[in-house]
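The values are calculated or read from the model by the stated rules, or taken from the named source; none is laboratory data. These numbers were taken from a predicted model, which means no experiment stands behind them. Note that we place each Cβ from the backbone using ideal geometry, even for glycine, and neighbour counts take in every protein chain shown. Surface areas here come from the heavy atoms of the whole protein model, side chains and all, with no ligands, DNA or RNA. Shrake-Rupley method; radii C 1.70, N 1.55, O 1.52, S 1.80 Å.
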Amino acid sequence: MLEVKDLHVTVEGSEILKGLNLTVNPGEVHALMGPNGAGKSTLSAVIAGKDGYEVTSGEILFEGKNLLEMEIEERALAGILLGFQYPVEIPGVKNIYLLKAALNAQRVARGEEEIPAPEFMKLVREQLSFMKMDGSFLQRAVNEGFSGGEKKRNEILQMLVLQPKLAMLDEIDSGLDIDAMKVVAEGINSLRNADRAILMVTHYQRLLEHIVPDRVHVLVDGRIVKSGDKELANELEARGYEWVLEESAA
Amino acid sequence: MSAAHAFLQRLGERADDEPTWVAARRQAGAARFEALGFPTKRDEAWKYTDVRRIAEGEFTLADDAELDEARFAALGMPLDAHRLVFVDGVFSADLSDLTDLPDGVSVEPLTTAMRTNHEAIGGAIGRLAGVDFSPFTALNVALSEEGAVVRIGQGVVVEKPIYVVFASRANESARMSHPRVLVMAGARSQSTVIEHYAGEAGAANFTNVVSEVMLERGAIVDHYKLQEASSEDLHVASIHVEQGRDSRFTSFNLNLGGALVRTDLVTDLNAQGAETNYNGLFFVQGRQHVDNHTLVNHNAPNTFSNENYKGILNDRARGVFNGKVIVKRDSQQIEAYQNNANLLLSDRAEIDTKPELEIYADDVKCSHGATTGQLDEEAVFALRTRGIDEQMARGLLTLAFAGEVMDQVRLPVITERVERAVAGKLPERFNLADLVEVSDALEEA
Ligand SMILES: Nc1ncnc2c1ncn2[C@@H]1O[C@H](COP(=O)(O)OP(=O)(O)O)[C@@H](O)[C@H]1O
Ligand SMILES: [Mg+2]
């Protein structure tokens, strides 16, 4: 589904990703771990199409299509959704407007009718209660004045409404207490199926206890230096990143 | 020969079948206009607005109101309203619809009102805006012929809006008009008055309107000025409001069109409990120039004013905002709030904003602020990652910026009109009625 091949990315003149390779197949959950500043958020930003990141070589394919030639919104309409590490506040745009506009953009792109209001409401309310969010969230401006945990839940709510093929969740677990973490994990798990893939950036083993990954990768200094199954996450939790660095240097 | 003199000379001789007192008033206006001359950039109030395009223009007064239904339909709003229509300043009985005016309400062209009731009207007109306010009000007095007169009796609640349309046609040669609007709102009456300036594509006329709104004790007036002149039209307006005890005036000054637009809005809060609300939005692009000068005079204690003007500027457009609040010496327990926020969509657009507070009393709650910024690119990106295309994302965020002002608008037809102008294709995809339905469903659930 997603193939990242020998990706080199420069930000403001300095190389951040230095030959990154990653393949994610449908049905899989991948965890991307690694120290601060390794380039994890850079990878998700490049996949989502953010400005300011220069791809100097390599390629990214999504379902065989060259992702780097697509506009940001085309990537979204193709089924990629980025859950932000720091969701932005959008004053004056209500959550419900965003959800409806985004869902209709997808439907229109597929040549379908816009969703009728009652059907939309039913869908949104179901997902809202699943995320244990209050109805009042819909009438509030996107993320404005939300707590850190509420912002993260809101990202998952958008994901549940939009049902992406590939969800990239950047530190979705940071700033969450145990209960919120469970709700968020349930939300993510509910999306898992044979056709979808999830790429999670996390620092902690904790989230991976709730969402068991198929593959775990360690990203250090712009490269994936080690990959393994869920056991690798346990090992990283116990031993830190040092040994991976030493092993890869050897 | 001064530019002002030359401007009047170009009009030539005018038929003088008017009563002597009207002719005298005209002469006074003309004399004052010649004495003042067109304003220049040396005049503080006109520092950023160059009116040479008006001063040097060759305008004549229109003598017909021909505009067929189809052309009118393209300009006017589909509103269930009491409608009075002027075409290049000339009254059109055909396009007007005053069939079911409620008792106690009169809506007439100025010439009719003068014929039937010239003492009351003659005494009121010019009382708030005479020849001294600006060269343009003097010019208006010299040349005005027609206009709208709205009178609402005591305690009358007018359900439908009173909709006054000033259509500007694409003429072979440029026209000018100097209309008057007079609204006399009786005690405890309630009404909505809309002044709609709409220009056909290619119109290049000059409109110089003076409006006076008088609110007696407890009256409530919502006043909309929707300005959708063509991109070549020149438009100067001044709106003068006088408020009695416990009255409430709400202004919506919505500027979308015009090449050169200047609006002055002045309110005198003359008695306790009077409240005025100024909501303003200007959206300019290309080389449009819009100048808003507002003034609130707190002449009595216990009066309240609240002003919020939002400017959206694209391309090489230029905006001016000058908001002045004056609190007189013995006007205690005043609240006066003012805000002007501007959004620059292009780095070649320009805004000059200046709040001015003159406070001579001490028990006063006042605040003012002016900000200028750009669209939040992080927010544009975030919306696009949800599949919303760039144009729509920018439109949505631009509308969100205007939201505080537009949320106050109580006429959905106007909201839609403005949203369409500001955000382009947004409304089609983003049906408002549909969303209201959604919200209602939400309430019920
Ligand atoms: N927009 C940016 N401008 C400048 N430097 C950046 C930018 N984004 C990321 N970087 C730098 O790139 C490196 C990788 O950052 P990031 O991808 O956020 O790491 P991670 O998510 O793994 O913690 C860091 O050194 C960071 O300072
Ligand atoms: Mg990061």
Seminar exercise, completed: If the label point sits 7 Å along Cα→Cβ of B:Q332, residues of the range B:292-320 with amide N under 20 Å come out as B:298-305
For this session: For chain A, find the longest principal axis of its Cα atoms and tell me its angle to the long axis of helix A:178-191, 0 to 90°, nearest 10.
Result: 80 degrees
Exercise. Nearest-5 percent of antiparallel DSSP beta bridges in the protein assembly as shown?
Worked result: 20 percent
Seminar exercise, completed: Interface A-B: total buried accessible area (1.4 Å probe, Å², nearest 100) of 2800 Å²
Exercise. To the nearest whole number, what is the average tally of beta carbon atoms from other chains within 10 Å of the beta carbons of peptide B:396-405?
Worked result: 3
For this session: Tally up the carbon and sulfur contribution to the accessible surface of chain B as a whole percent, 1.4 Å probe, everything protein left in place.
Result: 46 percent
Exercise. Beyond 35 Å, what share of the Cα-Cα pairs of the range B:3-271 remains, rounded to the nearest whole percent?
Worked result: 11 percent
For this session: Evaluate E = 1/(1 + (r/R0)^6) for B:Q374 and B:D94, where r is the Cβ-Cβ distance and R0 equals 41 Å; express this FRET efficiency to the nearest 0.05.
Result: 0.30
Exercise. Between B:Q272 and B:D50, what FRET efficiency follows from the Cβ-Cβ distance if R0 is 45 Å, with the result rounded to 0.05?
Worked result: 0.60
For this session: In a Gaussian network model over chain B where Cα atoms closer than 10 Å are linked, find which of B:V22, B:V266, B:V209 has the largest mean-square fluctuation.
Result: B:V22
For this session: Whole number please: convex hull volume per residue, Cα atoms of the range A:2-249, in Å³.
Result: 126 Å³
Seminar exercise, completed: Here, B:Q9 and B:E69, labelled 7 Å along Cα→Cβ, have an inter-label distance in nm of 4.8 nm
Exercise. For the protein assembly as shown, what log10 I(q)/I(0) values come out of the Debye formula at q = 0.06, 0.08 1/Å, with one point per alpha carbon and no solvent?
Worked result: -0.46, -0.72
Problem set entry | Distance in nm between pseudo-label sites at A:Y204 and B:R217 (7 Å out along the Cβ direction from Cα) | 6.7 nm
For this session: Measure up A:K94/B:K225; A:K122/A:K165; A:K5/A:K226; A:K50/A:K94; A:K165/A:K230; A:K18/A:K50 against 20 Å on the Cα-Cα distance and list the ones that go over.
Result: A:K94/B:K225; A:K122/A:K165; A:K50/A:K94; A:K165/A:K230
Seminar exercise, completed: Averaged over residues of A:63-76, the number of beta carbons from other chains lying within 10 Å of each residue's Cβ is 3
Exercise. In degrees between 0 and 90, to the nearest 10, how far off the longest principal axis of chain A does helix A:95-109 point, with axes built from Cα atoms?
Worked result: 80 degrees
For this session: Run the numbers on chain A and let me know its relative contact order in percent, using alpha-carbon pairs under 8 Å that are six or more apart.
Result: 28 percent
Problem set entry | Residue range of chain B that is longest and free of GluC sites (Glu not before Pro) which are both DSSP loop and sparsely packed (at most 15 other C-beta within 10 Å) | B:173-445
For this session: Please give the FRET efficiency for A:D134 paired with A:R192, using the beta carbon to beta carbon distance and R0 = 25 Å, rounded to the nearest 0.05.
Result: 0.45
